[in-house]
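In what follows, a single structure is set out as structure tokens and then discussed.
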Amino acid sequence: MKKILLPIFFLILTTACSSDEDKPGHDPSGEDQMYFPANNSEVWETKTPAEFGWNQNAIPPLLSYLEIKHSKSFIILVNGKIVMENYFNGHSAATPWYWASAGKTLTSAVTGIAQQEGLLDINNKVSDYIGTGWTSAPVDKENLITCRHLLTMTSGLDDAGGDSTTPEDLHYLADAGTRWAYDNVYVKLQDVVAAASGQTWNSYFNTKLRDKTGMTGTWLNSGSEDELSVYWSTTRSMARFGLLALNWGTWNGTQIVNKDYFKTVTIPSQQINKSYGYLWWINGQESYHMPQTQVQFPGSLLPDGPKDMFMALGKNDQKIYVIPSRKMVIIRMGEAADEENWALSDFDNALWEKINAVIN
């Protein structure tokens, strides 16, 4: 009996080991523990594509494509370690660049922090924190709008006002929760957090999120009082936030954002646009809406991207791709790949074709 069982045992053990090595994101060196770069340090551990068995012949075409498409930077992390880091067109690791709407996800995270600290409840009315009259809607309609509606792009306010979030540009179109529209009214959450915390948005953001992850960067605008602030940082700082997202709000053993809250970004936040969470885009759903349209399209947002991927997407192709199944974060910063766009473009799928050729 022993002579029969022993070979079977080793066969099972060998099969189990082989299956682990075939898992996406598996580190063949055996160092599967998640890595976090130290705060206040430029040191960041690396791995090579060869150590993951990636197709190295497909790397030059990927990099060439990124450069041609006006990219400034590109990073791939696996298990927190840098596997690829490339800069183009005069950019460098020390050069800041704007996040555009990819920075919406920073507001989502900080709103979650304020909620876990008991400063606000996302199910409460926005007017509970910043008073009435922050829109041009009738008061009874304005009071329908909760912080959750701002997180999910379902405020019901007119989305044709551009970047302005002054009351005269925030008109009632539909009851909150009945219409999805990609708009910058979400930024009122920053006012909510400031009012609820008794601090400026910048101060609360810096102490509760930026500094705890070792990020650098700042919120900037061009000087107009009603213009949106946009976050600027280095590419590595964007990668740090992507790594926080990959780990569901945990940074090197410290829970910065509530895990349950952070996981809500990976599921549909409402039923109108099933590919949208709390200011994050979600792949692998049955349908989606594009910015600035009320048309519903069938199928997954990015057919060539991993189904479990969630994304921070910004104007002119600023990207944070988070892929839990591969323990992977991918960053792209730069000018618009083809032409000016809101958050999504044909570039996303084309880029994923090139990435898949490398990592698969």
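FYI, it's all coordinate maths here, none of it is from the lab. No experiment lies behind these values; they were computed from the predicted model shown. As a convention, Cβ positions derive from the backbone with ideal geometry for all residues, glycine included, and neighbour counts pool all protein chains shown.
Close amide H contacts of residue 309 (hydrogens built in the peptide plane, cut-off under 5 Å, sequence separation of 5 or more or a different chain): 283. For the chain, a Gaussian network of Cα nodes joined below 10 Å ranks 259, 72, 274 by mean-square fluctuation, and the top entry is 259.
Using 0.36 nm times the number of residues separating residue 297 and residue 56, minus their current alpha carbon distance, what extension gain do you get?
Numbers: separation 241, 0.36 × 241 = 86.76 nm, distance 3.55 nm.
Stretched out fully, the residue 297 to residue 56 stretch lengthens by 83.2 nm.
Most tightly packed first, judged by the mean number of other beta-carbon atoms within 10 Å of their residues, the peptides 36-42, 244-250 read 244-250, 36-42. Evaluating 6.51 cos²θ - 1.76 cosθ + 1.60 at θ = phi - 60° for every residue in region 168-177, the Karplus couplings come out as 5, 9, 10, 9, 6, 10, 7, 4, 3, x Hz, glycine and proline recorded as x. How far is helix 2-22 tilted off the main Cα axis of the chain, in degrees rounded to 10, range 0 to 90? Taking the Cα atoms of the chain, the angle to 2-22 is about 40 degrees. Positive end of the dipole of the chain (Cβ unit charges, origin at the Cα centre): among 247, 105, 170, the Cα lying farthest that way belongs to 247. In the chain, a dipole from Cβ-located charges (positive for Lys and Arg, negative for Asp and Glu) runs towards its positive end, and of 147, 127, 73 it is 73 whose Cα lies farthest in that direction. Here the spin labels are modelled as points 7 Å beyond Cα on the Cα-Cβ line, and at residue 339 and residue 139 they lie 4.7 nm apart. Helix 346-359 and the longest principal axis of the C-alpha atoms of the chain enclose an angle of approximately 20°. Peptide packing for 351-357, 295-301, 166-172 was compared via the average number of neighbouring C-beta atoms within 10 Å per residue; ordered from the highest value, the list is 351-357, 166-172, 295-301. Helices in the chain, meaning DSSP H runs of at least 4 residues, each add -39500 (n - 2.57). Divided by all residues, the mean residue ellipticity at 222 nm is -8500 deg cm²/dmol.
Cross-linked pairs 81/319; 188/354; 141/319; 259/354: Cα-Cα separations exceed 29 Å for 188/354; 141/319; 259/354. Against the chain, whose longest principal axis is taken from its Cα atoms, helix 59-68 shows a tilt of about 20°. Stretching the chain fully between residue 211 and residue 195 yields a gain of 3.7 nm (0.36 nm per residue, less the alpha carbon separation).
For a Förster distance of 30 Å, can you work out the FRET efficiency between the beta-carbons of residue 164 and residue 346, rounded to the nearest 0.05? That gives a FRET efficiency of 0.55. Here the Karplus relation 6.51 cos²θ - 1.76 cosθ + 1.60, evaluated at θ = phi - 60°, turns the backbone of region 241-254 into coupling constants of 5, x, 5, 4, 5, 4, 9, 6, x, 9, 10, 6, x, 9 Hz, with x for every Gly and Pro.
Between residue 46 and residue 89, the contour length at 0.36 nm per residue exceeds the Cα-Cα span by 13.2 nm. Taking amide hydrogens as placed 1.01 Å from N in the peptide plane, the amide H of residue 81 sits under 5 Å from those of 35, each at least 5 positions away in sequence or on another chain. A crude spin-label estimate for the pair residue 179 and residue 116, with each label 7 Å from Cα along the Cβ direction, gives 3.5 nm.
Along region 302-310, what does the Karplus equation 6.51 cos²θ - 1.76 cosθ + 1.60 (θ = phi - 60°) give for ³J(HN,Hα), rounded to whole Hz, x for Gly and Pro? In residue order, the calculated couplings are 10, x, 8, x, x, 5, 8, 6, 10 Hz.
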